[in-house]
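Accompanying notes for the structure given below.
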Amino acid sequence: MSEVPGLRERKKIRTRHALIAAALELFMEKGYEQTTVSEIATAADVSTRTFFSYFASKEDVIFHNSREGIERVLRVIAEPRPGDRAIDLLTRAVASGFTVLALDERLQSEIGPANYLVMTVPSLRARGLLLLFESQREFAEALHRACPEELSLVEASALVGAVVGGGKLAAFVSMSNGASPGEMLDAGRRASEFALSALRAAASQPS
């Protein structure tokens, strides 16, 4: 059973959420480059110094949940169940991410503006691509460590790239064609599930 955060921790969480909400609103209204840290802090009713105690930069606000998501996937991969194959670990890892998004309305509300900004602001696009590459590298290395007799590092990289990369691409393509955040999430989930199904079918074929 998870421990209930104390008053001080709850206040910190509220402040963090207020900064994220204020930043996204200003970025969408004024533009990312045109918005200052001071304006974000003022909108969240805190000082600029307080902003920097939560985030190192404006970029970090956009990608605030990235590391948490990566760590979640790595935990799933690092805890195989008896009889698990690589495809089983990857299936549960992907499902864990979509489950969290389905249950967290705040994260759902951030997806649309955050992804729009990543697609339209060059510096954010570059950071997003780097994070995508680095996260897939970490996933592939973890999958290889969990199943060294089943997969080489190259094979683990191919699996992760197909499933994670396919889901991300489907989500962004759907958004560029006018999909809502909910539709974008569904497109990413369906694409990942399609890739997993194809890989599972291929793995079941006799060699």
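The values are calculated or read from the model by the stated rules, or taken from the named source; none is laboratory data. Quantities reported herein were computed from a predicted structural model and do not represent experimental measurements. Note that we place each Cβ from the backbone using ideal geometry, even for glycine, and neighbour counts take in every protein chain shown. The protein model used for the area step is the full one, side chains on, heavy atoms only, and it has no ligands, DNA or RNA in it. Shrake-Rupley method; radii C 1.70, N 1.55, O 1.52, S 1.80 Å.
Scanning the range 177-205 for residues that are polar (S, T, N, Q), assigned to a helix (DSSP H, G or I) and under 18 Å from the mean Cα position of the chain (by Cα) gives a single hit, Ser192.
None of Glu39, Glu29 is loosely packed, with under 11 Cβ neighbours inside 10 Å and modelled with pLDDT of 95 or more except Glu29. Of the residues making up the range 42-67, those that are open to solvent by 60 Å² or more (accessible area, probe 1.4 Å) and basic (Lys, Arg) are Arg49, Arg67. The set of residues from the range 69-94 being in contact with a helix residue (DSSP H, G or I) (Cβ under 9 Å, 6 or more places away or on another chain) and open to solvent by 50 Å² or more (accessible area, probe 1.4 Å) comprises Arg75, Ala78, Glu79, Pro80, Arg81, Arg85, Arg92. For the range 63-97, filtering for residues that are in contact (Cβ under 8 Å) with a residue 60 or more places away in the chain, in a helix (DSSP H, G or I), of a type outside the set (A, V, I, L, M) and farther than 30 Å from Pro122 by Cα leaves 1. Which of the residues belonging to the range 125-158 are closer than 19 Å to Ala203 by Cα and touching a helix residue (DSSP H, G or I) at 6+ places or on another chain (Cβ under 6 Å)? Result: Ala140, Leu143, His144, Ala146, Cys147, Glu150, Leu151, Leu153, Ala156, Ser157.
Out of curiosity, is Ala140 in contact with a Ser or Thr (Cβ under 6 Å, 6 or more places away or on another chain), assigned to a helix (DSSP H, G or I) and under 18 Å from Leu196 (Cα atoms)? So Ala140 passes the test. Might you let me know whether the range 41-62 holds any residue that is among the small types (Gly, Ala, Ser), assigned to a helix (DSSP H, G or I) and within 20 Å of Val160 (Cα to Cα)? No, the conditions are met nowhere in the range 41-62.
Across the range 145-171, what is the total count of residues that are of a type outside the set (A, V, I, L, M) and open to solvent by 60 Å² or more (accessible area, probe 1.4 Å)? Lay out the reasoning, then the answer.
Initially, the range 145-171 is screened for residues of a type outside the set (A, V, I, L, M), giving 145, 147-150, 152, 155, 157, 161, 165-168.
Retained after the next criterion (residues that are open to solvent by 60 Å² or more (accessible area, probe 1.4 Å)): 145, 148-150, 155, 168.
Selection size over the range 145-171: 6.
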